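Colleague: Sharing a structure with you now.
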Amino acid sequence: GEQVEQRPPHLSVPEGDSAVIICTYTDSATAYFYWYKQEPGAGLQLLMSVFSNVDRKEEQGLTVLLNKKDKQLSLNLTAAHPGDSAVYFCAVSAGYQNFYFGKGTSLTVIP
Amino acid sequence: GPKVLQIPSHQIIDMGQMVTLNCDPVSNHLYFYWYKQILGQQMEFLVNFYNGKVMEKSKLFKDQFSVERPDGSYFTLKIQPTALEDSAVYFCASSLGGAGTGQLYFGEGSKLTVL
């Protein structure tokens with residue numbers, strides 16, 4: 001089955017710096033890609049979704065890059081601020097019912 | 001935006017007891033999911049449910065687990081009997097279509113503590 005690796009598990013950046021989180025997946029049929037944010041004690045909030053025909057998507061200070069050749073998905077938070085501190089998860093799907101999640105990255109933005 | 005509600009938010013029970021976790025999905029959604037998260041780490045897929053049936057389940061979905069959604073009411077996860085390793089936060093999610101047609105909307109989780 002699909003294997004999703006996410007790195008790094010923990011990331012600390014000063015306020016204003018960028019933060020990059022990377023996921024790799026194994027199933028070449030994977031076609032749908034998601035980034036979620038989880039704040040303490042809360043559920044997952046969708047940040048961005050990308051279909052496989054898109055290599056790059058930018059929204060509100062977030063950039064998602066998709067490299068299908070290397071089966072790699074990345075999330076770049078430009079100019080991070082303390083409100084971005086949370087756990088971030090990537091999720092992928094081949095278009096069936098199941099979503100496969102990475103193990104999460106705990107991001108701390110230092111004021 | 002659309003909300004998935006989970007009840008209870010926290011439950012403490014003794015090992016061997018039964019527990020039912022309730023999920024009120026987004027009203028027009030058709031696909032329902034349960035995920036298990038231990039210690040704020042990886043979201044582990046348990047099961048998905050569509051049209052009254054389990055579509056897919058993982059190896060974490062033990063024989064002691066069951067799901068149902070009788071007549072459009074709550075989508076429930078029942079564990080009977082519970083074991084210590086069932087302690088985790090259980091997240092319900094729903095989507096309008098399958099994975100490729102829409103995002104998953106998550107509830108805020110039900111924290112289960114098995115003593």
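Each value in this text was obtained by applying a stated rule to the coordinates, not by laboratory testing. It should be emphasised that the depicted structure is a prediction, and the values quoted were computed from it without experimental measurement. Here the Cβ positions follow ideal geometry from the backbone for every residue, glycine too, while neighbour counts run over all protein chains shown.
Colleague: Residues with beta-carbon under 11 Å from that of B:D24, excluding B:D24: net charge, scoring Lys, Arg +1 and Asp, Glu -1?
Modeller: +2
Colleague: Once label points are set 7 Å from the Cα along Cα→Cβ at both B:L84 and A:S12, what is their separation, rounded to one decimal in nm?
Modeller: Each label point lies 7 Å from its Cα, and together they span 3.3 nm.
Colleague: What residues from the range B:47-89 fall in the zone where the backbone N is under 14 Å from a label point 7 Å along the Cα-to-C-beta line of A:Q3?
Modeller: Zone members listed by number: none at all.
Colleague: Compute the distribution of all C-alpha to C-alpha distances in the protein assembly as shown, in bins of 10 Å from 0, and list the percent of pairs in each, rounded to whole numbers.
Modeller: 8, 33, 35, 19, 5, 0
Colleague: So which trypsin sites (Lys or Arg not before Pro) in the range A:1-87 pass both tests, a DSSP loop state and at most 10 other Cβ atoms within 10 Å of the Cβ?
Modeller: Passing sites in the range A:1-87 are A:K69.
Colleague: Right, here's the next one. Which pairs in the list A:K69/B:K57; A:K37/B:K62; A:K57/B:K111; A:K68/B:K111; A:K37/A:K71 are over 32 Å apart, alpha-carbon to alpha-carbon?
Modeller: Result: A:K57/B:K111; A:K68/B:K111 exceed 32 Å.
Colleague: Can I ask one more? Show me, for the range B:76-81, the HN-Hα J-couplings you get by feeding each phi into the Karplus relation (A = 6.51, B = -1.76, C = 1.60, θ = phi - 60°), rounded to Hz, glycine and proline as x.
Modeller: 10, 10, 10, 10, 8, x
Colleague: Turning to a different aspect of this structure: Take the Cα pairs of the range A:61-107, get the Kirkwood Rh, then feed it into Stokes-Einstein at 25 °C and 0.890 mPa s and tell me D in µm²/s.
Modeller: D = 199 µm²/s.
Colleague: Work from the charge dipole of chain B (Cβ charges, +1 for Lys and Arg, -1 for Asp and Glu, about the Cα centre) and give the residue of B:P81, B:F32, B:P70 farthest towards its positive end.
Modeller: B:F32
Colleague: Mind giving me the nanometre distance, one decimal, between the label points for A:K69 and A:D27, set 7 Å out from Cα along Cα→Cβ?
Modeller: Result for the modelled spin labels: 2.5 nm.
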